[in-house]
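To keep things clear, I will list the structure first and then write my remarks on it.
The values are calculated or read from the model by the stated rules, or taken from the named source; none is laboratory data. Since the structure is predicted, the reported quantities are computational estimates derived from the model, not experimental observations. Using ideal geometry, Cβ is built from the backbone for each residue, glycine included, and neighbour counts are taken over all protein chains shown.
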Amino acid sequence: MSAPGPEPRVSVIIATYNWSAALACALQSVLYQTMDDFEVLVVGDACTDDSAAVVAALGDPRVTFFNLEERCGSQWGPNNFGLSRARGAFVAYLGHDDIWWPDHLEVSLAAAEREAAEVTAALTIMYGPPGSGVFCHSGLFPGSIFQPEYFFVPSSMLHRRALIERTGPWRSAAEAGRQTDVDFVRRLRDADAHVVETAELTVFKFNAAWRRGAYLERSVAEQQALLAKARSGGNGFRRAELVKTLRSVLEGRGTHFEFRDPPAGAAESDRTEWARFKGSLAGATNAGVSALSAPMRFRRTSEHPGYEWYALEAVDTDQPFRWSGPSTVSSIVLPLRPDAPFELCIDIVHVIEFAALETLEVSINGEGVEHMREHLGSAWRIRCAYTPRAGVTPPSILVTFKIARTLRPIDLTGSQDRRWLGIAVGTVELAPALASAA
């Protein structure tokens, strides 16, 4: 084995798990950096895909892949392994589905040296799912004074490696009793770390937990589009994204990301629901009845909303409902295996505007279906039929609604309701196609 080269200025740690296409985008954003005195430690959380090959294909001696033998299920394990191998005076983290602007490391290092800081936090835009209009941001503190409630994401963080002697290593969520990244930021305060803002937008985060089925679909279209903007220079793009973020905050869809500890006992259940939503939890499909042998009726429940649904309303009635929004795309998971043709009836209890029905598109397990609409007094019923493709039996039924836009009641009627609403969906009924025809 050849002797290691001179110590790099920055050690970049990328924790990853079985999403090599996203990892490739993240790595490109590191290699596009305007400063090149770094090493990249890519640490797989017991990966079983081609992540190692993606790293090897780069042919860059600064980038090394390691793979843990046992899965930790979170970034804490890979981050700690990376810290054990890091040689740089500074450490930076990058989520495997996030993107750095080319001057991120340069700007972060300049801020650390200018302010004699131990930690820097870069301004970050966190994108809600496409169609939601949600743009959150982190990395700014009130009065430029760090408070851990104003959480900043690991991808925006640069810290002196020696700081770990005071903070201790990353901890699992089970050990910390809170999210592992939130715990680490909280312990920066406990260690009296000197934390400063860079006040520069250099990090773009695509939260997998905000995207239904992100780990099932593994799309990287958003990351690739951002990379293309980064390669072309485009400071005008960054200004435009900041305007979108400000508009999202003004409209009540975006915010500065803050964190408050959840009620006792809520943290684990919340993590489980987010994992189920993004598709990274074993058994996340909620598979239930293997065949639909008789008509079944599903009332709306308090399933995880993402940015697709608001809270359950009319809870004690026979027709509880949930408004869609702020996203223009909202889905319902039904715990049945679609192994035979069936018919579907969906009750639409309210609409924010009639055009929402006119533009409504319905798909089942990703396939668009034709639907008929019945007017029932002040409500509507949507009917459609679905025949599963031969040889393909998904473990559940995913019904997706797409409308042209969502609107706020406060802008239409003068009420104080500031939610971005689309359609209010009530009960859903399914019946075998043959039984319905009979």
query = Where residues in the stretch 172-193 are among the acidic types (Asp, Glu) and buried (at least 18 other Cβ atoms within 10 Å of the Cβ), which of them is nearest to Cys72 (Cα to Cα)?
reply = Asp181
key: Of all residues making up the stretch 194-227, the number that are surrounded by fewer than 18 Cβ atoms within 10 Å (Cβ to Cβ), among the aliphatic types (A, V, I, L, M) and out of contact with any Phe, Trp or Tyr (no Cβ under 6 Å at 6 or more places or on another chain)   = 4
inquiry  = Of everything in the stretch 151-170, what is within 26 Å of Val30 (Cβ to Cβ) and not in a helix (DSSP H, G or I)? Give them in sequence order.
reply    = Phe151, Phe152, Val153, Met157, Leu158, His159, Arg160, Pro169, Trp170
note = Note: among Arg186, Arg253, Arg231, Arg218, just one is charged (D, E, K, R), assigned by TED's automatic domain parsing to the domain that holds Gly77, under 24 Å from Ile145 (Cα atoms) and at pLDDT below 95, namely Arg186
request  = Look at the stretch 171-189 and say how many of its residues are assigned to a loop (DSSP other than H, G, I, E, B) and over 21 Å from Val12 (Cα atoms).
outcome  = 3
ask   = Arg408 versus (1) under 30 Å from Glu217 (Cα atoms); (2) over 23 Å from the mean Cα position of the chain (by Cα); (3) surrounded by 16 or more Cβ atoms within 10 Å (Cβ to Cβ): which is the lone unmet condition?
value = (1)
request  = Report, by residue number, each residue of the stretch 183-203 that is of a type outside the set (Phe, Trp, Tyr) and in contact with a Pro (Cβ under 8 Å, 6 or more places away or on another chain).
outcome  = Val185, Arg186, Leu188, Arg189
task = Exactly one condition in (1) modelled with pLDDT of 95 or more; (2) of a type in the set (Phe, Trp, Tyr); (3) in a loop (DSSP other than H, G, I, E, B) is not met by Trp323; state its number.
result = (3)
query = Can you list the helices (runs of 4 or more DSSP H) found entirely within the stretch 29-134 that contain at least 3 residues being aliphatic (A, V, I, L, M) and surrounded by fewer than 19 Cβ atoms within 10 Å (Cβ to Cβ)?
reply = 51-58
ask   = Here is a list of conditions, (1) surrounded by 13 or more Cβ atoms within 10 Å (Cβ to Cβ); (2) over 22 Å from Leu360 (Cα atoms); (3) at pLDDT 90 or above, and Gln416 meets all of them except one; can you say which number that is?
value = (1)
inquiry  = Among the residues that make up the stretch 75-91, is at least one of them at pLDDT 95 or above, of a type in the set (Val, Ile, Thr) and under 20 Å from Ala230 (Cβ atoms)?
reply    = no
ask   = Is there a residue in the stretch 390-402 that is in contact with a helix residue (DSSP H, G or I) (Cβ under 8 Å, 6 or more places away or on another chain) and without any contact (Cβ under 8 Å) to a residue 60 or more places away in the chain?
value = no
remark   = Those residues of the stretch 383-433 that are farther than 23 Å from Arg276 by Cα and of a type outside the set (Lys, Arg) come to a total of 30
